[in-house]
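Visitor: Have a look at this one.
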Amino acid sequence: MYLDLVDVFATGSLTGNPLAVVRSGEALDGAAMQKLTRWLGFSETAFLLPPQDPAADYRVRIFYPAGELPFAGHPTLGSAHAWLGAGGVPRRQGRIMQECGIGLVEIRQEDGLLGFMAPPLRRSEALDAADLEEAVRLTGVEPAVVVAAVHADNGPGWKLLHLASAHDVLSAESAARGKVPTDVALLGPYLSGEGGQARWEVRAFFADANGRLCEDPVTGSLNAAVAQYLFAAGLEHDQYFAAQGRMVGASGMVCCSRDSQGQIWVKGLVRTVSSGGVLTLPGSVVCG
């Protein structure tokens, strides 16, 4: 087995969301994958495996400290980057097909960026009063600045609070203590020119292995769901950039666009930090 470290949605050196990618992980079962994920301590770890679907180029299992995810965005782009770096050749030039828990996800390389096609939302209606109250409590936002509150479930079950401004997003201070039951996110617009390239600020909070609330540096699945919300609401039309991670020392940038067929793409810069480290676990087989 080999371990790669990659930086996803970066804007410079070590500015995005770190990801560990384990290649040739067939010797590991789910319990071992989960244990390694917790030990590494990243928000997610991806395990590259041979595809089961004949249309796929590779298969990935994605774990976070508290369990396995059917889909996640930054592990999707990071896995594709590691697979290509290890010599992977797509069946169709310019298009990579990833197999994961939600099925097939298409990935493309464009202008030095990797992008995935946003999977359909599994749930997108407004939050009910109880869910809204809980999301506000967990994130510490002022209820008066909440413009809209919706489910944004595309694998991870995000509950999204659209706030009046990027300032409101950055000012939120999570006051949650003890175990939390859900993943929540914040979205707010920058005033013209205020955010530089970014028109929106995003923050994402998820439960760690102990059920406590943590903040994610840059989140592909959430930005995919946010893009679907913004395009559907008519708040964006063709392409925009969103910033994420400043409150946890990152400086991530996500490009979201809608093509002529109406498909939404989530793109970012992915960089290799370390490649090809031999991974040896007690009781495991070292392949290669």
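Visitor: Above 24 angstrom, tally the Cα pairs of the stretch 1-133 and express them as a % of all pairs, no decimals.
Guide: Counting pairs separated by more than 24 Å, the tail of P(r) holds 31 percent.
Visitor: Restricting to DSSP loop positions (anything but H, G, I, E, B) with no more than 13 other Cβ atoms inside 10 Å of their own Cβ, which GluC sites (Glu not before Pro) remain in the stretch 169-254?
Guide: Glu173, Glu194
Visitor: Per residue, how much accessible area does the chain show when a 1.4 Å probe rolls over the protein heavy atoms, in square angstrom?
Guide: 43
Visitor: Read phi for every residue in the stretch 157-162 and hand back ³J(HN,Hα) as whole Hz from Karplus 6.51 cos²θ - 1.76 cosθ + 1.60, θ = phi - 60°, with x for Gly and Pro.
Guide: With coefficients 6.51, -1.76 and 1.60, one gets x, 4, 10, 9, 10, 8 Hz.
Visitor: Would you calculate a helix-derived [θ] at 222 nm for the chain, using -39,500 (n - 2.57) for each DSSP H run of n ≥ 4 and dividing by the full residue count, to the nearest 500?
Guide: Details: 5 runs with 54 residues, N = 288.
Value at 222 nm, helices only, nearest 500: -5500 deg cm²/dmol.
Visitor: Taking DSSP loops as anything outside H, G, I, E and B, show the longest stretch in the chain free of trypsin sites (Lys or Arg not before Pro) there with at most 16 other beta carbons within 10 Å.
Guide: Longest gap between qualifying sites, sites excluded: 1-90.
Visitor: At a threshold of 8 angstrom on Cα-Cα distance, excluding pairs fewer than six apart, so keeping six or more, what relative contact order does the stretch 1-100 reach in percent?
Guide: 25
Visitor: Okay, moving on. Can you give the relative contact order of the chain as a percent, counting alpha carbon pairs under 8 Å and 6+ residues apart?
Guide: 21
Visitor: Sticking with this structure for a sec: How are the alpha carbon pair distances in the chain distributed across 5 Å bins from zero to the largest one, expressed in percent?
Guide: Pair shares across the bins are 1, 6, 13, 17, 20, 17, 13, 8, 4, 2, 0, 0.
Visitor: Let me ask something additional. Suppose each label sits 7 Å from its Cα in the direction of the beta carbon; what would the Glu110-Ser274 distance come out to in nanometres?
Guide: That separation, rounded to one decimal, is 3.4 nm.
Visitor: On to the next question. With the crude spin-label approximation of a point 7 Å out along Cα→Cβ, what separation in nm comes out for Asn210 versus Leu191?
Guide: Calculated label separation equals 4.1 nm.
Visitor: Moving on. For the stretch 100-109, what does the Karplus curve 6.51 cos²θ - 1.76 cosθ + 1.60, with θ = phi - 60°, yield as ³J(HN,Hα) per residue in whole Hz, taken in order and with x for Gly and Pro?
Guide: Taking θ as phi minus 60°, the curve returns 8, x, 8, x, 8, 10, 8, 10, 10, 9 Hz for the stretch 100-109.
Visitor: In whole percent, what relative contact order does the stretch 69-189 give with Cα contacts below 8 Å and a gap of six or more residues?
Guide: Relative contact order for the stretch 69-189 comes out at 21 percent.
Visitor: Something else about it: Between Gln52 and Val147, take the C-beta separation as r, use R0 = 51 Å, and let me know the FRET efficiency to the nearest 0.05. Before the final figure, lay out the partial values.
Guide: Numbers: r = 43 Å, r/R0 = 0.84.
FRET efficiency, Gln52 to Val147: 0.75.
Visitor: Can I ask one more? Add +1 for every Lys or Arg and -1 for every Asp or Glu among the other residues with Cβ under 15 Å from the Cβ of Val8, and state the total.
Guide: -2
Visitor: Out of Ala185, Ala209, Ala166, any idea which swings most in a Gaussian network model of the chain, alpha carbons joined below 10 Å?
Guide: Ala209
Visitor: In a Gaussian network model over the chain where Cα atoms closer than 10 Å are linked, find which of Ala225, Ala144, Ala204 has the largest mean-square fluctuation.
Guide: Ala144
Visitor: Note down the net charge around Ser171, summing +1 for each Lys or Arg and -1 for each Asp or Glu among other residues with Cβ under 15 Å from its Cβ.
Guide: Taking every other residue near Ser171 into account, the sum is -4.
Visitor: Computing the accessible area with a 1.4 Å probe over protein heavy atoms, can you report the carbon and sulfur percentage for the stretch 41-102?
Guide: 47
The values are calculated or read from the model by the stated rules, or taken from the named source; none is laboratory data. No experiment lies behind these values; they were computed from the predicted model shown. All Cβ positions, even for glycine, are placed from backbone atoms using ideal geometry, and neighbour counts span all protein chains on display. Please note that ligands, DNA and RNA were not included when accessible areas were found on the heavy atoms of the full protein model with its side chains. Shrake-Rupley method; radii C 1.70, N 1.55, O 1.52, S 1.80 Å.
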